[in-house]
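The values are calculated or read from the model by the stated rules, or taken from the named source; none is laboratory data. Predicted model, so just to flag it, every value in this text is computed and none were measured. Every residue, glycine as well, gets a Cβ built from its backbone with ideal geometry; the counts of neighbours run over all protein chains shown. Ligands, DNA and RNA are stripped out before the accessible areas are found, and what is left, the full protein with its side chains, is counted by its heavy atoms. Shrake-Rupley method; radii C 1.70, N 1.55, O 1.52, S 1.80 Å.
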Amino acid sequence: QVHLVESGGGLVQAGGSLRLSCAASGSIRSINAMAWHRQAPGKQRELVASITSAGNTNYTDSVKGRFTISRDNAKNTVYLQMNSLKPEDTAVYFCNADITRPWPYMGGNYWGQGTQVTVSS
């Protein structure tokens, strides 16, 4: 089995910062792309940021310059540093990873359970 566990969410005032972490565990051969998505109430889930195994990153326009995605391959962990938070960043944040597993297991795309981020005005 593979598990992704997020941590670091919470309540913060506008302008504040939070750092999310997501650790993957289980029978893992390698982790390819990792990403953070978010879903606000009544809205569709959206991709916030992604990072390849080589460290190439991509961000949605609304978080560019404020959020930074990074990863520690030795720890199978991805991070999201969120600065200058705004009330519109309020959402449940999910991590996502494309994982290759050792034979005979099938790899695939895995999701964490989500962590709530609430930004008060």
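For a straight C-alpha distance cut-off of 24 angstrom, the lysines reachable from residue 64 (same-chain residues fewer than eight places away being disregarded) are 43, 86. Considering only 120, 27, 58, and ranking their Cα positions along the charge dipole of the chain that arises from unit charges at the beta-carbon of Lys, Arg, Asp and Glu, the one farthest toward the positive end is 27.
About the centre of its Cα atoms, the chain shows a dipole size close to 100 debye [charges on the beta carbon of Lys, Arg (+1) and Asp, Glu (-1) only; nearest 20 debye]. Element breakdown for the chain at a 1.4 angstrom probe: carbon and sulfur atoms account for 49% of the accessible area. Taking trypsin sites (Lys or Arg not before Pro) in DSSP loop conformation with at most 11 other Cβ atoms inside 10 Å as exposed sites, the chain has its longest uninterrupted site-free stretch at 65-121. Using the 1.4 Å probe convention, the accessible area of the range 1-72 works out to 54 Å² per residue with neighbouring protein chains retained.
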